[in-house]
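Here is the structure we will look at.
The values are calculated or read from the model by the stated rules, or taken from the named source; none is laboratory data. Since the structure is predicted, the reported quantities are computational estimates derived from the model, not experimental observations. Neighbour counts are summed over all protein chains in view; Cβ atoms, including those assigned to glycine, are modelled from backbone coordinates with ideal geometry. The accessibility values were calculated without ligands, DNA or RNA, using every heavy atom of the protein model including side chains. Shrake-Rupley method; radii C 1.70, N 1.55, O 1.52, S 1.80 Å.
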Amino acid sequence: MPPTGDPLTRHYRRLLLCYPRSYRRDRGEEILGLLLDTAPAGRIRPTVREAFDVVRNGLRCRLGRPTSRTVGVWAVLTAVICGLFTAAAASRVAWETSRPQPDRAEAAAIFADALPGRSIGQIETAPALFVFYGEPFRWQALDDMLFGDGGEYQPGFASASATGLPPVPVEQTLAVTRQHLRASGWRIYETVSRADRECVSACDPPVALTDTTLVASRGDTVFRMTLFAEGGPNPTNAALEVQRAAPPAVVPAAVLAGLVGGVLAWLVFGWASRRTEYRPGVALPFGITMFLWWLPVLLAIPSLIGHQRAEPHPDWHPLWEWLGQPTGSLFFLIGTVCALIVLGCSAVPRRDTAPLRTIATG
Amino acid sequence: MREPTFLILTALAAGPRHGYGITQDVADLSERRVTLLPGTLYTALDRLTAQGLVQPDREEVVDGRLRRYYRITPEGVDALHTETARLRQLATVAEARLRGLRPRTA
């Protein structure tokens, strides 16, 4: 048997940190003794199988409720959703490393690149990176955000319209714009056409009116041009938009925060689960939390996947939109209140079991 | 009842055992087919204790190392009886069908 304090013992002690502290205090030496008893002479580090077994069972032990078959599933659901929310919050913070949305001069230069020699109308700029009804978000607008208008919180953009385009086929206008944009270093994405209206009175025979959107990106900037076939098959008007793409810090910040949030959520879930093992009253508020936190996610993801597939996206939608936020912020808030009730109940001390009698021999 | 649980209860049916004793006994009973790793063993013991099938018996400190003994409870004995009867019934049925199969395959 290896002596206490040897490298193997130190490795085992580190692995035992996966168990909750109170459990380690009570059973740590006992499990360590068994690990050392079963280790063959000369072993200096745990095998992968042994380490996996201790980590897996230690993490399970943190959840308490040893007879429950579902507590692990609830812990995973909690850790995943908390990790996602933390990642979304971190990604929003990381967005602050972005340059401001394009100003009038930058937008005018880009639009002139796309449609050289054409008259561009009044350019509207965004007052902030993200806007709520076109304005920077203010806390006074919190009630609007919570009560159903959360979907209006969107990335800002600079926009303008171009009128009086030459009445030539869409492809011809697009070809010219593509050529100019490529020459200026833009990456061009596949164009998307959407037929959603029909020309009846001015067209003989009637034809479908198709709006065509061209998307391009350069560095941290995304450009969109939509050609409208007003009253006939040849477009004469265009809507132009330009906005910032997610800065490079967003993905690493989201991944790191998501992992940290998930691990912390597992630990807090385990703590609350152990302390409320004999308090069935917490199941209802916990169930409400899970329902209200997951529902917007389950509704938003299919819808955004469809949207993402329908048109090219040089940049993914912000993570919080995939979580149904802030559209579902009222759900999130009520769920959070229920979670706080569960944590409040968990903070009430529980009764400990009586210790065993220990006999010293040998 | 899963096989490791059945084997742990069977090991404890012979008398109180500490963790190392249980793992050795389980390995012997299963002819080395089942090797209980420490994490798995204590998770199972916690579950069996919470179900009232096993309970801690006593603790000893041997050569400075803590050893906690576990014993099977009357409820544990009942559960082991029930599971043994179930396995025996299944084994009997399977043996009967295998006996019927032998002449045809010979």
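Being in the same structural domain as A:TRP266 (by TED's automatic domain parsing) and assigned to a helix (DSSP H, G or I) is true for just one of A:ALA108, A:ALA112, A:ALA88. Which residue is that?
None of the others qualify; the one that does is A:ALA88.
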Residues of segment A:58-85 classified as touching a residue at least 12 places away in the same chain (Cβ under 8 Å) and within 14 Å of another protein chain (Cβ to nearest Cβ), total: 10
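Scan A:PRO285, A:PRO302 and give me the residue that is within 22 Å of A:TYR153 (Cβ to Cβ) and either surrounded by 13 or more Cβ atoms within 10 Å (Cβ to Cβ) or modelled with pLDDT of 90 or more (or both).
Working: A:PRO285 fails: within 22 Å of A:TYR153 (Cβ to Cβ).
None of the others qualify; the one that does is A:PRO302.
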Per-region count, segment A:240-249, residues of a type in the set (A, V, I, L, M) and open to solvent by less than 20 Å² (accessible area, probe 1.4 Å): 3
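Of everything in segment A:13-56 that's of a type outside the set (A, V, I, L, M) and not in a helix (DSSP H, G or I), which residue is most open to solvent (accessible area, probe 1.4 Å)? Spell out how you get there, then give the answer.
Of the residues in segment A:13-56, the ones of a type outside the set (A, V, I, L, M) are A:13-14, A:18-30, A:33, A:37-38, A:40, A:42-43, A:45-47, A:49-50, A:52-53, A:56.
From what is left, the residues that are not in a helix (DSSP H, G or I) are A:19-20, A:40, A:42-43, A:45-47.
Numbers: A:TYR19: 4, A:PRO20: 2, A:PRO40: 67, A:GLY42: 74, A:ARG43: 64, A:ARG45: 143, A:PRO46: 27, A:THR47: 53 Å².
Among those that are of a type outside the set (A, V, I, L, M) and not in a helix (DSSP H, G or I), it is A:ARG45.
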Where a residue in segment A:180-196 is within 14 Å of A:ILE110 (Cα to Cα) and its partner, wherever it lies, is open to solvent by less than 80 Å² (accessible area, probe 1.4 Å) and aromatic (Phe, Trp, Tyr), with Cβ under 7 Å and at least six apart: A:TRP186/A:PHE223
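Say we look at segment A:221-235 and pick out the residues that are modelled with pLDDT of 70 or more and farther than 16 Å from A:ASP113 by Cβ; which of these is surrounded by the most Cβ atoms within 10 Å (Cβ to Cβ)?
Taking the candidates together, the pick is A:LEU227.
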Residues (free of Cβ contacts under 8 Å to residues at least 24 places away in the same chain and within 12 Å of chain A (Cβ to nearest Cβ)) located in segment B:27-46: B:ALA27, B:THR35, B:LEU37, B:PRO38, B:GLY39, B:TYR42, B:THR43, B:ASP46
Pair list, Cβ < 7 Å and 6+ apart or interchain, from segment A:165-176 residues that are assigned by TED's automatic domain parsing to the domain that holds A:MET225 to residues that are outside any helix (DSSP H, G or I) and open to solvent by 30 Å² or more (accessible area, probe 1.4 Å): A:LEU165/A:ARG118; A:LEU165/A:THR236; A:LEU165/A:ASN237; A:PRO167/A:ASN234; A:PRO167/A:THR236; A:VAL168/A:ASN234; A:PRO169/A:ASN234; A:LEU174/A:THR191
Enumeration of residues in segment B:6-36 that are surrounded by fewer than 21 Cβ atoms within 10 Å (Cβ to Cβ) and in contact with a helix residue (DSSP H, G or I) (Cβ under 8 Å, 6 or more places away or on another chain): B:PHE6, B:THR10, B:ALA13, B:ALA14, B:TYR20, B:GLY21, B:ASP25, B:LEU29, B:SER30, B:VAL34, B:THR35
Filter pass, B:THR92 being within 9 Å of chain A (Cβ to nearest Cβ), in a helix (DSSP H, G or I) and over 17 Å from B:ALA14 (Cβ atoms): no
All strands (runs of 3 or more DSSP E) inside segment A:122-212 with 1 or more residues being of a type outside the set (Gly, Ala, Ser), surrounded by 12 or more Cβ atoms within 10 Å (Cβ to Cβ) and modelled with pLDDT under 85: A:192-199
B:LEU53 being out of contact with any helix residue (DSSP H, G or I) (no Cβ under 6 Å at 6 or more places or on another chain), under 27 Å from A:GLY64 (Cβ atoms), buried (at least 20 other Cβ atoms within 10 Å of the Cβ) and at pLDDT 95 or above: no
Long-range neighbours under 6 Å by Cβ, at least six apart or interchain, first residue of a type in the set (D, E, K, R) within segment A:263-277, second open to solvent by 30 Å² or more (accessible area, probe 1.4 Å) and part of a helix (DSSP H, G or I): none
Residue match in segment B:30-50 (condition: over 30 Å from A:THR70 (Cβ atoms) and either assigned to a loop (DSSP other than H, G, I, E, B) or not basic (Lys, Arg) (or both)): yes
Of all residues in segment B:56-71 being facing chain A (nearest Cβ under 7 Å) and in contact with a Gly (Cβ under 9 Å, 6 or more places away or on another chain), the one that is surrounded by the most Cβ atoms within 10 Å (Cβ to Cβ): B:ARG67
Pairs, first within 16 Å of B:ARG33 (Cα to Cα) and touching a residue at least 12 places away in the same chain (Cβ under 8 Å) in segment B:1-22, second in a helix (DSSP H, G or I) and acidic (Asp, Glu), C-beta under 7 Å, six or more apart: B:PHE6/B:GLU83; B:ALA11/B:ASP25
Subset of segment B:1-29 (residues that are farther than 25 Å from B:VAL62 by Cβ and part of a loop (DSSP other than H, G, I, E, B)): B:MET1, B:ARG2
